[in-house]
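Visitor: The structure under discussion is supplied below as structure tokens; questions concerning it will follow.
The values are calculated or read from the model by the stated rules, or taken from the named source; none is laboratory data. Here the structure is a predicted model, which means the values were calculated and not measured. When we count neighbours, we look across all protein chains shown, and the Cβ atoms used for this are built from the backbone with ideal geometry, even at glycine. Accessible surface is based on the protein model in full, side chains and every heavy atom, while ligands, DNA and RNA are left aside. Shrake-Rupley method; radii C 1.70, N 1.55, O 1.52, S 1.80 Å.
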Amino acid sequence: MNSDRRRGARPVLLILLLCIALTACSVRREAQALSPPAFVPPPPAQACASPALEPVSWDFIPILEDDLDLPSLKLAIERSQAYYGRTGIGPVRIGAESRSPADMGEALRELLSILEGSGSPEEKRGRIAERFDLYRAAGSDGRGAVLFTGYYVPMMEGSLEPTERFRYPVYGVPPESRAAASAAGKNGSRKAFPLWSRKEIDGDGVLKGRGLEIAWVDDPTELFFLHIQGSGRIRLPDGAIVTVGYAGSNGRPFRSIAPYMAEQGIMPTGSLSYWSIREYLNSHPEERQGVLNWNERYIFFRILEGEPVGSLGVPVTAGRSIAVDPGCFPSGAAAFIRARKPVADETGKTRWTPFSRFVLAQDAGAAIKGPGRLDLFCGAGYEAERKAGSLKEKGELYFLFPRPR
């Protein structure tokens, strides 16, 4: 995964109950965990520099095969319907065409009804084609090539109090970050002025002693990847699990450390992967912070009451939620993807096999920009981490846009 992602609002009472159950939470941390009282729609995204979608014939997808179970699709669809049912959501657009949130939600209900109903795959495809127009993502080359990557929910060991072992802080949002975001919203720029860099926060300790820590973990490499993923789970010494999610950033640009490591001669380009980078950072602690500082973007977190949520403020569904550029693609809409996925055989060896499935555009990310990028949410746990860390494939992305009634 290459990005952070915004998270939605959660009820205050449940978060307070969580803190009480953990007993170690202080009043200060409870206050930091509080969510806004209501959902705030994401700010308008910057439009794509070039057309991101083109209408195509349904002949581009002769067979609508889905490699996952129907209940997971139903759950993801219901979550997009919840998003469309909120107040403050504007029209959903593809090119000059627009549909109301109510129309989008109803179309998703009809899509699910078709898929759950009787009939052959050919008959279902025909009903879907009657109800939806098909648009293909232009991709990075203008001919439909989209780079697929994956993200997941990491699990870390940590504590709500600092100890000799747990000494790397997970920071809540500083007042300066809230003020910057508020000022940006008022002047219409939607861009907050940048705050401290990663070096200043983690290296120089500019936030230490201010009571902003919501947790501490024992692995700085894992903490860095928590920043990349945008949410994660922390297992406390008593076995309790705390979920943390995106609450804000320092306003600085995301920069991948992989190209930097290659340019600096730290690792050869051909050997760079999620796994090799992690291994190198863990085995070279004296170089680690210098490498991590290259990515100046720093994420601030809050304690979540439930599941990790995407940029639309609804929970993301493993295998079904995708992060895309909201300036290029319609938020919350149904899409269909085709690519290859890693599958481990009985010997543990990974092979790549073609797959296709329905997904929902329910997330966004700082590094997921333009019509040629897609990040697939792989879930939580080791298997999800393995899939997300291995996924880097060219694929196809199609959006289903309801025809006017």
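Visitor: What number of residues within the stretch 227-268 satisfy the criterion of being open to solvent by less than 50 Å² (accessible area, probe 1.4 Å) and outside any loop (DSSP other than H, G, I, E, B)?
Guide: Here the count works out to 19.
Visitor: Please find, among 200, 222, the residue that is in a helix (DSSP H, G or I) and open to solvent by 60 Å² or more (accessible area, probe 1.4 Å).
Guide: 200
Visitor: Collect the residues in the stretch 334-388 that are at pLDDT 90 or above, under 13 Å from the mean Cα position of the chain (by Cα) and under 21 Å from residue 79 (Cα atoms), keeping them in residue-number order.
Guide: 360, 361, 362, 363, 364, 374, 375, 376, 377, 378, 379, 380
Visitor: Only one of these conditions is not met by residue 89: (1) open to solvent by 60 Å² or more (accessible area, probe 1.4 Å); (2) out of contact with any strand residue (DSSP E or B) (no Cβ under 8 Å at 6 or more places or on another chain); (3) not hydroxyl-bearing (Ser, Thr, Tyr). Which number is it?
Guide: All conditions pass for residue 89, except number (1).
Visitor: Mind checking which residues of the stretch 286-304 are farther than 16 Å from residue 253 by Cβ, in contact (Cβ under 8 Å) with a residue 40 or more places away in the chain and either among the small types (Gly, Ala, Ser) or surrounded by fewer than 19 Cβ atoms within 10 Å (Cβ to Cβ) (or both)?
Guide: Those that are farther than 16 Å from residue 253 by Cβ, in contact (Cβ under 8 Å) with a residue 40 or more places away in the chain and either among the small types (Gly, Ala, Ser) or surrounded by fewer than 19 Cβ atoms within 10 Å (Cβ to Cβ) (or both): 288, 289.
Visitor: Of all residues in the stretch 31-70 being among the β-branched types (Val, Ile, Thr) and open to solvent by 50 Å² or more (accessible area, probe 1.4 Å), which is modelled with the lowest pLDDT? Please lay out each step first, then the result.
Guide: Step one: filter the stretch 31-70 for residues among the β-branched types (Val, Ile, Thr), giving 40, 56, 61, 63.
Checking the rest, the ones that are also open to solvent by 50 Å² or more (accessible area, probe 1.4 Å) come to 40, 63.
Working: 40: 46, 63: 87.
Step by step, filter the stretch 31-70, then rank; the result is 40.
Visitor: A follow-up question, please. Give the stretch 358-375 a look and list any residue that's within 18 Å of residue 274 (Cβ to Cβ), open to solvent by less than 10 Å² (accessible area, probe 1.4 Å) and assigned to a strand (DSSP E or B), or say none.
Guide: 374, 375
Visitor: Specify which of the listed residues (400, 376) is under 26 Å from residue 225 (Cβ atoms) and not β-branched (Val, Ile, Thr).
Guide: Values: 400 fails: under 26 Å from residue 225 (Cβ atoms).
The conditions single out 376.
Visitor: Is there a residue in the stretch 116-127 that is closer than 12 Å to residue 401 by Cβ and surrounded by 12 or more Cβ atoms within 10 Å (Cβ to Cβ)?
Guide: no
Visitor: Select from the stretch 150-180 the residues that are assigned to a loop (DSSP other than H, G, I, E, B), open to solvent by 60 Å² or more (accessible area, probe 1.4 Å) and not β-branched (Val, Ile, Thr) and list them in ascending order.
Guide: As a first pass, look at the stretch 150-180 and keep what is assigned to a loop (DSSP other than H, G, I, E, B): 154, 160-167, 172-174.
The next check asks that each one be open to solvent by 60 Å² or more (accessible area, probe 1.4 Å); those that pass are 161-165, 167.
The answer is 161, 162, 164, 165, 167.
Visitor: Select from the stretch 302-327 the residues that are modelled with pLDDT of 95 or more and part of a strand (DSSP E or B) and write down the one among them that is nearest to the chain's Cα centre (by Cα).
Guide: 323
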